[in-house]
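J.: Could you have a look at this structure, given as structure tokens, before my questions?
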Amino acid sequence: MNTAPALSLRNIYKSFGGIVAVEDLSLDVKRGEIVALVGDNGAGKSTVVKIITGMYQPSSGEIRLAGEPVHFIDASQSQSKGVQVVYQDLALAESQPVYMNLFLGREKTKGWFGKLDRTGMIAETEELMRELNVRIPSPKSTIRKLSGGQRQAVAIARATHWATNLVLMDEPTAALGVTETSKAEDIISGLKARDLAILIVSHSLDQVFRLSDQICVLRRGKQIGVRQTKQTDKNEIVSMITGLHASSR
Ligand SMILES: Nc1ncnc2c1ncn2[C@@H]1O[C@H](COP(=O)(O)OP(=O)(O)OP(=O)(O)O)[C@@H](O)[C@H]1O
Ligand SMILES: [Mg+2]
């Protein structure tokens, strides 16, 4: 059995011209674990996500998936290695039904003429929605008719369906209301049981403390530290994020 972490980042450095976006980041994410990446605006969080997906290439440093060094030059290459991303703004086809969105670009077909296997896709969608406890009117509902929370649940379900290793989430609940966020958090915690590794970027420390096993703090591209969530508190994380000592009032 492969005991290497699902994701290992070693000494990742990324600059854009004169701007250093990420400086010397080293981080492991294991299967069944949720690691949160936190930091102020511009700290480099999204850049890290984009580097892992292959949308950006690191200027230097090493990325390993399950122990194997990878050099992705675009996001399709990381997808083929079981990496999926969920963003804040939903990348769903508005006018298409839920089941088509789940299979976008990977539609099931049947027979000699490659006819779309709608029945098969609908059945698989139903099963996945049930497993993840996602409530939508029907797999045939058009995305446009769903609430923001239902849409994000579909986006998370899609990522889960195709990820075999790692799910990256960049502010997955930033556009959602309180109830919808709580529902999305339930789905996200449920992914641990599917043995996926999860890296989540979030500005909500409450959320980070509810969901994560470990917290990695970036400040202006620098890795300030990694803490076990159970062994730290919000004061410590806030002072790591800001570089100011928490007041001892
Ligand atoms: N394509 C790019 N070209 C030039 N600079 C970039 C590019 N992408 C990011 N940067 C810079 O890198 C730094 C980190 O940006 P990044 O988007 O990773 O921050 P972030 O932590 O995700 O911030 P936020 O919380 O606001 O989303 C910023 O200074 C940003 O301006
Ligand atoms: Mg960002």
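J.: How large is the translational diffusion coefficient of region 1-136 in µm² per second when you combine the Kirkwood radius over alpha carbon pairs with Stokes-Einstein at 10 °C and 1.306 mPa s? Display every interim value, and only then the final one.
T.: Details: Rh = 17.5 Å.
After rounding, the answer is 91 µm²/s.
J.: Kindly point out which whole DSSP H helices in the chain project their C-alpha atoms 30 angstrom or further along the helix axis while averaging a Kyte-Doolittle hydropathy of -0.5 or above.
T.: Sorted by number, there is nothing, because no helix extends far enough and scores high enough.
J.: What is the sum of charges, Lys and Arg at +1 and Asp and Glu at -1, for the other residues whose Cβ falls under 12 Å from the Cβ of residue 64?
T.: Details: positive: 10, 81; negative: 28, 62, 68.
Charge balance in the 12 Å sphere: -1.
J.: Give, rounded to the nearest 20 debye, the magnitude of the charge dipole that the chain has about its Cα centre when Lys and Arg contribute +1 at Cβ and Asp and Glu contribute -1 at Cβ. Could you put the intermediate results ahead of the total?
T.: Values: 31 positive and 26 negative charges, 59 e Å.
Roughly 280 debye for the chain.
J.: Rank 51, 215, 122 by mean-square fluctuation in a GNM of the chain with C-alpha springs under 10 angstrom and give only the top-ranked residue.
T.: 122
J.: Expressed as a rounded percentage, what relative contact order does region 133-249 have, with Cα pairs under 8 Å and six or more residues apart?
T.: 19 percent
J.: Continuing with this model, one more query. List the longest stretch of the chain that has no exposed loop site; here a site is one of the chymotrypsin sites (Phe, Trp or Tyr not before Pro) assigned by DSSP to anything other than H, G, I, E or B, with at most 10 other Cβ within 10 Å.
T.: Counting only loop sites that pass the neighbour cut-off, the longest clear stretch is 114-249.
J.: A further question on this structure: Over 30 Å between Cα atoms, which of 183/234; 115/192; 115/145; 45/192; 30/110 qualify?
T.: Exceeds cut-off: 115/192; 30/110.
J.: Going by amide H atoms built from the backbone, whose H comes under 5 Å of the H on residue 86, apart from near neighbours?
T.: 168, 169, 170
J.: If we restrict to alpha carbons, what Rg and Dmax does region 182-244 come to, in Å?
T.: 12.4, 38
J.: Which distance in Å, rounded to a whole number, links the C-alpha centroids of region 116-179 and region 1-21?
T.: One Cα centre to the other: 29 Å.
J.: Cut-off is 10 Å between beta-carbons; in what order do 183, 140, 230 appear when sorted fewest neighbours first? Present the calculation step by step, with values, prior to reporting the outcome.
T.: Numbers: 183 20, 140 13, 230 10.
Starting with the residue having the fewest Cβ neighbours, the order is 230, 140, 183.
J.: Find the centroid of the Cα atoms in region 197-249 and in region 64-86, then give the distance between the two in whole Å.
T.: Answer, in whole Å: 26.
J.: Over region 93-249, consider all pairs of different Cα atoms and compute the Kirkwood hydrodynamic radius from their mean reciprocal separation; express it in Å, one decimal. Mind dumping the intermediate values first?
T.: Values: mean 1/r = 0.0569 Å⁻¹.
Hydrodynamic radius (Kirkwood, Cα pairs) of region 93-249 is 17.6 Å.
J.: Moving on to the next point. Along each of the three principal axes of the Cα atoms of region 82-122, give the extent in whole Å, ordering the values from largest to smallest.
T.: Ordered largest first, region 82-122 gives principal extents of 39, 26, 14 Å.
J.: Let me ask you something else. Mind checking which of 198, 149, 85 is farthest towards the positive end of the chain's charge dipole, using Cβ charges of +1 (Lys, Arg) and -1 (Asp, Glu) about the Cα centre?
T.: About the Cα centre, the residue reaching furthest to the positive side is 149.
J.: So what's the back-of-envelope 222 nm ellipticity for the chain, counting only DSSP H runs of four-plus at -39500 (n - 2.57) apiece and dividing by all residues, rounded to 500? Don't jump to the answer; show the numbers that get you there.
T.: Values: 8 runs with 77 residues, N = 249.
Theoretical 222 nm ellipticity from helices: -9000 deg cm²/dmol.
Each reported figure results from applying straightforward, stated rules to the coordinates on display, with no laboratory input. For clarity, every value in this text was computed on a predicted model and none was experimentally measured. Methodologically, a virtual Cβ is constructed for each residue, glycine included, from the backbone with ideal geometry; neighbour enumeration extends over all protein chains shown.
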